[in-house]
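As structure tokens, the structure follows; a few thoughts come after it.
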Amino acid sequence: MKKFFFLVVLTMLTAVNVMGQSGDKLFVDNFSINPGEKLAVSVNLSNPDTKYCVFQFDLNLPKGIAVALNKKNKLDVKLNEDRIDDHTLTSKQISDGVYRFTCISLTNANFYENSGAILELNIEASSTLTDVTMTGSIENIVLATSASVETKLEKTTFTITNPTAAGITAISVDQPADIYDIKGNLLRSQATNLNGLPKGIYLVKGQKVLVK
């Protein structure tokens, strides 16, 4: 069955190549995420003039940002059933920070509507995330119609913001002070230094402190 499935994918994605349709776009909106947080993010498809039934693309995420895993230890992603409900989705991590998603329909059912989310995924940020702004992208975008006409779309990018990292202050613990993690959990009581703490952001004397 797996062999047949991949043969179908290969057939659809090696169809007649055409240039990207005017106005067609696969993208993720800019979003903010705090260290240690999980966030639901949508992959959106705008296809005003063309009906598609297949997609494949690579999602590139910066260091410290990843697609979360579900209870089965698989990527926590799902199709948006308001637009896609007679299709099979496969997803995998192909290298550090790069994830590939493929969606096909054995009945050549078209996606509903011409705009909106087609894929929903849970993103998680490392608890030691310190970058204020980062860039992600969607690349190698391939769409196909039920007539096996393939369309390749241009790469799109999006910005990820870490609001917690804004306003970090480099201070020394010259007097005993309590040290908290960014969630407000007490890590050390009346500490006199930051030695031994993992890389990340901490709260000391009401200020955010970066340990590199």
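The values are calculated or read from the model by the stated rules, or taken from the named source; none is laboratory data. Source: prediction; values computed, not measured. Reconstructed Cβ throughout: ideal geometry from the backbone, glycine too, with neighbour counts over all protein chains shown. SASA here: full protein model, heavy atoms, side chains in, ligands and nucleic acids out. Shrake-Rupley method; radii C 1.70, N 1.55, O 1.52, S 1.80 Å.
Data table
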| item | result |
| --- | --- |
| Filter pass, E150 being acidic (D, E), open to solvent by less than 70 Å² (accessible area, probe 1.4 Å), within 32 Å of the chain's Cα centre (by Cα) and modelled with pLDDT of 90 or more | yes |
| Residues that are open to solvent by 60 Å² or more (accessible area, probe 1.4 Å), farther than 30 Å from A40 by Cβ and modelled with pLDDT of 75 or more, drawn from the stretch 197-212 | K205, G206, Q207 |
| Top-ranked residue in the stretch 95-131 [being closer than 25 Å to G36 by Cα and of a type in the set (F, W, Y); ranked as farthest from the chain's Cα centre (by Cα)] | F101 |
| Members of the stretch 169-187 that are modelled with pLDDT of 80 or more, within 16 Å of T130 (Cβ to Cβ) and either open to solvent by 40 Å² or more (accessible area, probe 1.4 Å) or in a loop (DSSP other than H, G, I, E, B) (or both) | I182, K183 |
| Complete set of residues in the stretch 91-126 that are among the hydroxyl-bearing types (S, T, Y) and under 23 Å from K25 (Cβ atoms) | S91, Y99, T102, S105, Y112, S115 |
| Qualifying residue in the stretch 58-73 (condition: aliphatic (A, V, I, L, M), open to solvent by 40 Å² or more (accessible area, probe 1.4 Å) and either over 24 Å from A147 (Cα atoms) or assigned to a loop (DSSP other than H, G, I, E, B) (or both)) | yes |
| Index of the failed condition, Q190 passing every other in (1) at pLDDT 80 or above; (2) exposed (fewer than 13 other Cβ atoms within 10 Å of the Cβ); (3) on the phi < 0 side of the Ramachandran plot | (3) |
| Filter result (surrounded by 16 or more Cβ atoms within 10 Å (Cβ to Cβ) and either without any contact (Cβ under 8 Å) to a residue 24 or more places away in the chain or more than 18 Å from E150 (Cβ to Cβ) (or both)) within the stretch 91-113 | S91, G97, Y99 |
